[in-house]
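Chemist: This is the structure, below, for whatever I ask next.
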Amino acid sequence: MTLKIGIVTGEYPPHQGGVGDFTREIAHALADLGHEVHVITHINARSEGFREAPRSEAERAKPFGSLTVHPIISSWNFQSLISIRQLAHNLKLDLLNIQYQAAAYGMTPPIHFLPLVAGVPSVMTFHDLRVPYLFPKAGALRWQAILLLAKTSKGVIVTNPEDRLTLEKNLWNADDADSTLRNADKLIEIPIGSNIKVNPKLQTPNSKNEARRKYGIGEDDVVIGYFGFLNSSKGGETLFRALAQLPIPLHFATGTVVTNYKLLLIGGRTGTSDLTNQAYADQLDALANELGILDRIIRTGYLSPEDTTQAFFACDMMAMPYEDGASFRRGTFMACLAHGMPTITTQPSVPLPQLKHGGNVYLISPGSPISLSSAIMELANDSNLRAQLSRGALELSDLFTWDKIAKRTGEFFEKTIAT
């Protein structure tokens, strides 16, 4: 069954952010399955094929086969909802899929009413359940805004078991006879994939050395990679303090050499949507200066997908010490797996049986610089363990390819609009 799908998103490349990256990948994958896909997003999102500052309606809707991007929203206010409703009517869409993360919409209220006014069935994709700002002293209303989205949508997709359990508890047990989420058919968990598509053509016998030369890294240096923005939930402070605990290279008269550890921060510093990232980035800069590790940190800045893959190849391992534990909702973590990187991350907050310590990841406790530095040194000195983690990561990532994700998503859309 071919569907006409509208995908509403607060950010889209070249906006920097995980929701935008996810939307790009799922939109292309759904189009590859034969669906007619229309991405509806902010006017500042100029996707591939757009000229600078398009003016006419035709210029603002550039088709790519069965994928069309409509950057028509100037502000996520109530007028934007009317614009989306009108476009959905004109395009005769079968449904709207709303990609939800509060920060992507500026933490503002109007988007929470879109399922009520869209004029077509809505399916929510919750990237997380972080509550929006709304207005001062909103209190419990902020959580109610999330529940409103879920209750007024015909279907709900969550990307991880943590959010599924939260919604099941708050919706299925709610004292609300009109709830649309009374049974499991209305709620599905579909994990996300890597937000960076791996280009195997870039992986050559010399790719590691080429990438290291690009960033001024020596062949004998041990490079710890981190991918994505550093915010308060992603363990930036833990990462920096762990780096400070690693041995500093010393050259003595005896010829003793201690391993030189470098940290490669891959990607942009703060992203486009979440303004809290800026304040946290400033705090980390101050911490790095205090710890004396500035000369051991290399920042790539925002990169294209191809250059991001090349930066991965410069690393010996990845360190992703999330404060709230590893989760399949994080596209940056999924990118580490897809690139076959030996990855140190933190114990998940809910059981994730797919993660095997020593098999496909190296698991440590959250918030522990000592555990992280110890794990880094263990992997640096054990090439066999690194090789095993790499193989295991690639095997695990095969469960989360975009064609599989799009197939499940399309089937859920079909079932949702049929009921």
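We did not get these values from a lab; they are worked out from the coordinates using the rules stated. This is a predicted model, so every value here is computed, not measured. Counting neighbours? That spans all protein chains shown, and the Cβs are built from the backbone with ideal geometry, glycine included.
Chemist: Between THR401 and SER365, 0.36 nm times their residue separation minus their Cα-Cα distance comes to what? All intermediate terms of the calculation are to be shown ahead of the outcome.
Modeler: Numbers: separation 36, 0.36 × 36 = 12.96 nm, distance 2.80 nm.
Value of the extension gain: 10.2 nm.
Chemist: Can you give me the distance in nm between label points at ARG85 and ASP295, each placed 7 Å from the Cα along the Cα-to-Cβ direction?
Modeler: 6.3 nm
Chemist: Taking 7 Å along the Cα-to-C-beta vector as the label spot, tell me the ASP32-GLU323 distance in nanometres, rounded to one decimal.
Modeler: 3.6 nm
Chemist: Convex hull over the Cα atoms of the range 200-400, averaged projected area in nm²? Kindly include the intermediate steps, with their values, before the conclusion.
Modeler: Values: hull surface 46.2 nm².
Mean shadow area of the hull around the Cα atoms is 11.6 nm².
Chemist: Can you give me the long-range amide H partners of ILE7? Hydrogens built in the peptide plane at 1.01 Å from N, cutoff under 5 Å, separation of 5 or more residues or another chain.
Modeler: Amide H neighbours of ILE7: HIS38, VAL39, ILE40, ASN97.
Chemist: Cut-off 10 angstrom, C-alpha nodes, Gaussian network model of the chain. Which of VAL123, VAL350, VAL37 fluctuates the most?
Modeler: Fluctuation is largest for VAL350.
Chemist: Can you give the calculated 222 nm mean residue ellipticity of the chain, where each DSSP H run of n ≥ 4 adds -39,500 (n - 2.57) and the sum is split over every residue, rounded to the nearest 500 deg cm²/dmol?
Modeler: Details: 13 runs with 147 residues, N = 419.
Helix-only estimate at 222 nm: -10500 deg cm²/dmol.
Chemist: Using amide H atoms built 1.01 Å from N in the peptide plane, name the residues 5+ places from MET317, or on other chains, whose amide H lies under 5 Å from its own.
Modeler: Residues meeting the amide H criterion: VAL223, GLY225.
Chemist: From the square roots a ≥ b ≥ c of the eigenvalues of the alpha-carbon gyration tensor of the range 275-354, which class results: rounded (a/c under 1.5), prolate (a/b over b/c), or oblate? Each step should come with its number before you reach the end.
Modeler: Working: a/c = 1.79, a/b = 1.26, b/c = 1.42.
Oblate, since a/c reaches 1.5 and b/c is not below a/b.
Chemist: If you don't mind, another one. Compute a Gaussian network model of the chain, connecting alpha carbons closer than 10 Å, and tell me which residue from ALA286, ALA104, ALA314 fluctuates the most.
Modeler: In the Gaussian network model the winner is ALA286.
Chemist: Just to confirm my numbers, what's the Cα centroid distance between the range 1-22 and the range 65-106 in Å?
Modeler: When both Cα centres are located, 10 Å separates them.
Chemist: Kindly point out which whole DSSP H helices in the chain project their C-alpha atoms 15 angstrom or further along the helix axis while averaging a Kyte-Doolittle hydropathy of 0.5 or above. Let's see the in-between values first.
Modeler: On the way: long enough: 18-32 (21 Å, 0.07); 78-91 (20 Å, 0.37); 141-152 (16 Å, 0.82); 276-291 (23 Å, -0.49); 369-380 (16 Å, 1.22); 383-397 (21 Å, -0.23); 402-418 (24 Å, -0.66).
The qualifying helices are 141-152, 369-380.
Chemist: A further question follows. Convert each backbone phi in the range 348-358 into a coupling constant with the Karplus relation 6.51 cos²θ - 1.76 cosθ + 1.60 (shift: θ = phi - 60°), then list the ³J(HN,Hα) values in order as whole Hz, x for Gly and Pro.
Modeler: For the range 348-358, the Karplus curve yields x, 6, 10, x, 10, x, 5, 7, 10, 4, x Hz.
Chemist: Mind telling me which of ILE405, ILE82, ILE98 comes out most flexible in a GNM of the chain, alpha-carbon contacts under 10 Å?
Modeler: Maximum fluctuation in the GNM of the chain, among the listed residues, is at ILE82.
Chemist: How far apart, in nm, are two points set 7 Å out from the Cα along the Cα-to-Cβ line at SER349 and at GLN203?
Modeler: 3.2 nm
Chemist: Go through (1) 22.3, 79; (2) 20.0, 61; (3) 22.2, 72 and flag the label whose value is the computed Rg and Dmax of the Cα atoms in Å for this structure.
Modeler: Computing Rg and Dmax of the Cα atoms in Å and matching it to (1) 22.3, 79; (2) 20.0, 61; (3) 22.2, 72 gives (1).
Chemist: Stretched out fully, how many nm does the piece from ILE43 to PHE78 gain, at 0.36 nm a residue minus the Cα gap? Don't skip to the answer; put the middle values down first.
Modeler: Numbers: separation 35, 0.36 × 35 = 12.60 nm, distance 1.60 nm.
Length gained between ILE43 and PHE78: 11.0 nm.
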